[in-house]
There are 2 protein chains.
Amino acid sequence: MLTIDMIQEARERIGSRIHRTPVLTSRQFNEAAGKEVFFKCENFQRAGAFKIRGATNKIQSLTAAEKQQGIAAFSSGNHAQAVALAGREAGVRVLVAMPEDAPAAKVAATRGYGAEVVFYDRQKQDREAFALDLAERERLVMVPPYDDYLILAGQGTCGLELLEDVPDLDCVLAPCSGGGLFAGVATAAKAVNSKIRCFPVEPDTADDTRQSLLRGERVSIPPPPTIADGLRVQIPGKLTFPIVQQLAEDVLTVTDEEIVATLRFMLFRMKLLVETSGVTAAAAVMFHKLPADVKRVGVVLSGGNIDPDLLRELI
Amino acid sequence: MLTIDMIQEARERIGSRIHRTPVLTSRQFNEAAGKEVFFKCENFQRAGAFKIRGATNKIQSLTAAEKQQGIAAFSSGNHAQAVALAGREAGVRVLVAMPEDAPAAKVAATRGYGAEVVFYDRQKQDREAFALDLAERERLVMVPPYDDYLILAGQGTCGLELLEDVPDLDCVLAPCSGGGLFAGVATAAKAVNSKIRCFPVEPDTADDTRQSLLRGERVSIPPPPTIADGLRVQIPGKLTFPIVQQLAEDVLTVTDEEIVATLRFMLFRMKLLVETSGVTAAAAVMFHKLPADVKRVGVVLSGGNIDPDLLRELI
């Protein structure tokens, strides 16, 4: 079970190692959305996304023996960079499994933080099996992207900070992939204010969490084509799903067009660079997916790492 | 003469009408620059730049009779949008003179704030003469971009806020075109801390202020080719130049390449959109133009309005 105490402990552990990111507002966004919106800017976070919170909490909690062994992760995205950075700061060996066709920029960024990268063939090899096998062979401790309470507690510190800065929110929204960010943020928010309403947001083609909540059990979907590359997980997490079931009022979904329009709005009007996945919760507010009686809205902008080539296309 | 009292009065007058913009920091920038840098984010300001400060202070100070008459400005850039917005909020008629070949986006933005736009032929007509003639004919009050103490006092509020948030700075840097922003910020900074060192920053091909300081009088330069379109003024202002002479320790210059590299760094590493002109002071720090004994540096990011086509080219 994930508790507010675990999130408070995480904050003690990681506070000096991460940024306390600012909460920003925009009159223009509020006018367009018809709500009063408070943006928690995790795009300004170290390594460019909220992921460093959970990774740091997990890695700093390892025993001396585990640190000696080193750690492994599988990710081609923000989790890889977060584990690499948090691992370097803890002085441990970091090995990251990436698909052979991962973007060169992401491979370079992960190596830039000092991690070793090993490649697998996405067509032939299952990434989780590959990484687990690798971790066992090299005697490394796996740092999973979400199914681990220390990871969830770390992500929850983002919600804690948001509620400290703006206590009187009607609701909070966070992008939802494996569900780690949402589970952490919603747990923190409900502990501070039990009446707060919590909404995970998914791309409409990557709505495994929405389908799972409707069905009452974890549903697996085919690889989703959404432009939000960080939200292409096909099934909710084992640990996260019961938390999402308990705390989510409803799952909101957005189209790729709504994601891109919101990304452009945030870039050119608000002067903030937010990645496609990171902007989904904001897109749900911008495109009026919230109930009418919700007024004061907290939105997590979960990351800002976007490939220059993709950005050039989108603007 | 521009005094701190005038800046304090401006703050009283405009405080509720503008954003108190945040001051942000970046470990990555600090590491690259070798300084501890505090960014005053006027790219988040209303209408996307610091210009709304001076325009609001000027327009809110008009007499009832002047407000009845309406106002005029000549600008194809941030000043136009600022005057249009501040004018609309004061309920006055606003007429803006722009060159016929002004970018459609800027014309639309200015009209979007409710201003009338009149065009002149840049090849055949002198813009200042055209605007003055127009103002006289239509009995409008001119709102100049910098040569007016109410404008300067308004821009100074930006420096006041920065020094309140970070009092123990060794120096402040601001982009310099007509000199209004620098004059206001430096006056405020010196009033708070007389030892603070103040540096205006110009593109190397638009160094009219640098040349003027060397010569001891206002020097006019040919139209500069710099990519920083907001800094293409050819001669320092009449009111601003003596203030710059008195308060500037030295003029720093940056190349277009340094401007673009810094813009890209701020966008992809810091997730901030800053326009070419707005990034020049940051570029001077990034490319080590400051004396070595300066440690804690305040930098004004003066605006974030950039054309999507230009941005696409630059990234």
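Just tell me how shielded A:264-273 is by partners: mean number of partner chain Cβ atoms within 10 Å of each residue's Cβ, no decimals. Each step should come with its number before you reach the end.
Numbers: counts 1, 0, 2, 7, 9, 4, 5, 19, 6, 8.
Partner Cβ neighbours, averaged per residue: 6.
Can you tell me the length gained on complete extension of the stretch A:V118 to A:E164, counting 0.36 nm per residue apart and subtracting the Cα distance?
Numbers: separation 46, 0.36 × 46 = 16.56 nm, distance 4.05 nm.
Taking 0.36 nm per residue and subtracting the Cα distance, the gain is 12.5 nm.
Whats the longest run of chain B with zero GluC sites (Glu not before Pro) that are DSSP loop and have at most 16 other Cβ atoms within 10 Å?
Values: sites that count: B:E100, B:E138, B:E217, B:E249.
Free of exposed loop sites, the longest segment is B:1-99.
Report the gain in length on full extension from B:A104 to B:D147: 0.36 nm times residue separation, minus Cα-Cα distance, nm rounded to one decimal. Mind showing how you got there, number by number?
Details: separation 43, 0.36 × 43 = 15.48 nm, distance 2.72 nm.
Using 0.36 nm per residue and subtracting the Cα-Cα distance, I get 12.8 nm.
What trypsin sites (Lys or Arg not before Pro) in region B:125-168 are in a loop by DSSP, with at most 11 other Cβ atoms within 10 Å of the Cβ? Before the final figure, lay out each step's value.
Numbers: sites: B:R127, B:R137, B:R139; in loops: B:R139.
Here the trypsin sites (Lys or Arg not before Pro) that fit, given the DSSP loop and packing criteria, are B:R139.
A:K295: which lysines have alpha carbons under 23 Å from its alpha carbon, excluding same-chain residues fewer than 8 sequence positions away?
By straight Cα distance, A:K295 reaches A:K35, A:K40, A:K190, A:K195.
I'd like the accessible area for A:Y146, computed on protein heavy atoms only with a 1.4 Å probe and all protein chains in place. Round to 10 Å², please.
40
For region B:52-142, what is the percent of antiparallel DSSP beta bridges, rounded to the nearest 5?
On the way: 0 of 11 bridges.
DSSP beta bridges in region B:52-142 are roughly 0 percent antiparallel.
Provide the percentage of antiparallel DSSP beta bridges, counting only those with both residues in the protein assembly as shown; round to the nearest 5. Write out the running numbers ahead of the final one.
Working: 7 of 65 bridges.
Of all bridge pairs located within the protein assembly as shown, approximately 10 percent are antiparallel.
Helix A:180-192 versus the longest principal axis of chain A: what is the Cα-based angle in degrees, 0 to 90, to the nearest 10?
50
Which of the residues in region B:288-315 lose at least 20 Å² of accessible area when you go from the chain alone to all protein chains together (probe 1.4 Å)?
B:P308, B:L311, B:R312, B:I315
By how many nm would the segment from A:E217 to A:E138 lengthen if fully extended, with 0.36 nm per residue of separation less the alpha-carbon distance? Each step should come with its number before you reach the end.
On the way: separation 79, 0.36 × 79 = 28.44 nm, distance 3.47 nm.
Gain on stretching A:E217 to A:E138: 25.0 nm.
Please state the charge dipole magnitude for region A:221-291, taken about the Cα centre, from unit charges on C-beta atoms (+1 on K and R, -1 on D and E), reported in debye and rounded to the nearest 20. List each step's numbers first, then the result.
Working: 6 positive and 7 negative charges, 36 e Å.
My answer is approximately 180 debye.
Modelling each spin label as a point 7 Å along the Cα-to-Cβ direction, I'd like the B:N193/B:S16 distance in nm, to one decimal.
Distance between label points: 3.2 nm.
Give me the accessible area buried between chains A and B, both sides summed, with a 1.4 Å probe, in Å² rounded to the nearest 100.
Summing both sides, the interface buries roughly 2000 Å².
Where both residues lie in chain B, what percent of DSSP beta bridges are antiparallel, nearest 5?
10
In terms of modelled amide H atoms, which long-range or inter-chain residues lie less than 5 Å from the amide H of B:V117?
B:V96
Given H placed on each backbone N at 1.01 Å, which residues far from B:G70 in sequence or on other chains put an amide H within less than 5 Å of it?
Amide H to amide H, under 5 Å and 5 or more residues apart or across chains, B:G70 pairs with B:R93, B:V141.
For the protein assembly as shown, give the magnitude of the charge dipole about the Cα centre (Cβ charges: +1 Lys/Arg, -1 Asp/Glu; no others), in debye to the nearest 20. Intermediate values should be presented prior to the final figure.
Values: 72 positive and 80 negative charges, 176 e Å.
Once rounded to the nearest 20, the dipole reads 840 debye.
For region B:52-142, give the percent of accessible area contributed by carbon and sulfur heavy atoms, probe 1.4 Å, rounded to a whole number.
That fraction is 46 percent.
The values are calculated or read from the model by the stated rules, or taken from the named source; none is laboratory data. All figures in this text were calculated on a predicted structure; none of them were measured in a lab. A quick note on method: Cβ atoms are made from the backbone with ideal geometry, for glycine too, and the neighbour counts reach across all protein chains shown. Please note that ligands, DNA and RNA were not included when accessible areas were found on the heavy atoms of the full protein model with its side chains. Shrake-Rupley method; radii C 1.70, N 1.55, O 1.52, S 1.80 Å.
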